[in-house]
Amino acid sequence: MENFASESEALAYSLAEVLAEKSGRKSSFFKKTCVRNTCYLRMNRYPPCPKPSEVYGLMPHTDSDFLTILYQDQVGGLQLIKDNRWIAVKPNPRALIINIGDLFQAWSNGMYKSVEHRVMTNPTVERFSTAYFLCPSYDAVIECSGDCPAYRNFSFGEFRQQVQEDVKKLGYKVGLPRFINDIY
Ligand SMILES: O=C(O)CCC(=O)C(=O)O
Ligand SMILES: [Fe+2]
């Protein structure tokens, strides 16, 4: 598991470097902004569920980070939304899944999208996945790029707090729409 974490960390940084350059920013941004104590690994276990059509393994959501590196086992169940339709992400033991998170969407002014995804349950088989989340320090300010920034500046701490507040009060995450720029 430690190996997975350190390999994922290295991969996340190099991917983020390339993506930063592609979005017209300094490639060193993530090295400077992301710190070990906010990045984390999540191990997901999905027990078999007798009513898969009624119970999600994981509710539809976007990830609240910069970038996620995900490994899923052979059971399947991960889906992402494309053109308003849910598409299954086929398990491949030789592949990792890379998700752009909300912070990268804001930072790139929507050039890269934080894709909505969910996990369906399986009636008979247990499923496992492991995800590494690349996150900035809580006080890092996410500045949206471009002449017409779609989002106002916000810190990761502020974003996280708002997400937690919404989940507590409303029962779901609102996420980036809360930070849309209202100067236009
Ligand atoms: O289990 C999966 O395939 C997805 C996990 C996930 O989306 C998450 O942990 O945020
Ligand atoms: Fe996720």
Any hit, the stretch 144-159, residues being among the small types (Gly, Ala, Ser) and buried (at least 20 other Cβ atoms within 10 Å of the Cβ): no
Of the criteria (1) open to solvent by 40 Å² or more (accessible area, probe 1.4 Å); (2) aliphatic (A, V, I, L, M); (3) part of a strand (DSSP E or B), which one Met111 fails: (3)
Failed item, numbered, when Asp63 is tested on (1) open to solvent by 40 Å² or more (accessible area, probe 1.4 Å); (2) within 16 Å of ligand 2 (Cβ to nearest atom): (1)
Check on Thr33, in contact (Cβ under 8 Å) with a residue 60 or more places away in the chain and touching a strand residue (DSSP E or B) at 6+ places or on another chain (Cβ under 6 Å): yes
Count - residues of the stretch 70-94 that are open to solvent by less than 70 Å² (accessible area, probe 1.4 Å), away from ligand 2 (no atom under 11 Å from the Cβ) and touching a residue at least 60 places away in the same chain (Cβ under 8 Å): 0
Selection status of Thr121, farther than 28 Å from Lys22 by Cβ, among the hydroxyl-bearing types (Ser, Thr, Tyr) and within 12 Å of ligand 1 (Cβ to nearest atom): yes
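The values are calculated or read from the model by the stated rules, or taken from the named source; none is laboratory data. Given the structure is predicted, the values throughout are model-derived calculations rather than measurements. Here Cβ is always computed from backbone atoms with ideal geometry, including for glycine, and neighbour counts include all displayed protein chains. When the accessible area is computed, the model is the full protein with side chains, heavy atoms only, and any ligands, DNA or RNA have been set aside. Shrake-Rupley method; radii C 1.70, N 1.55, O 1.52, S 1.80 Å.
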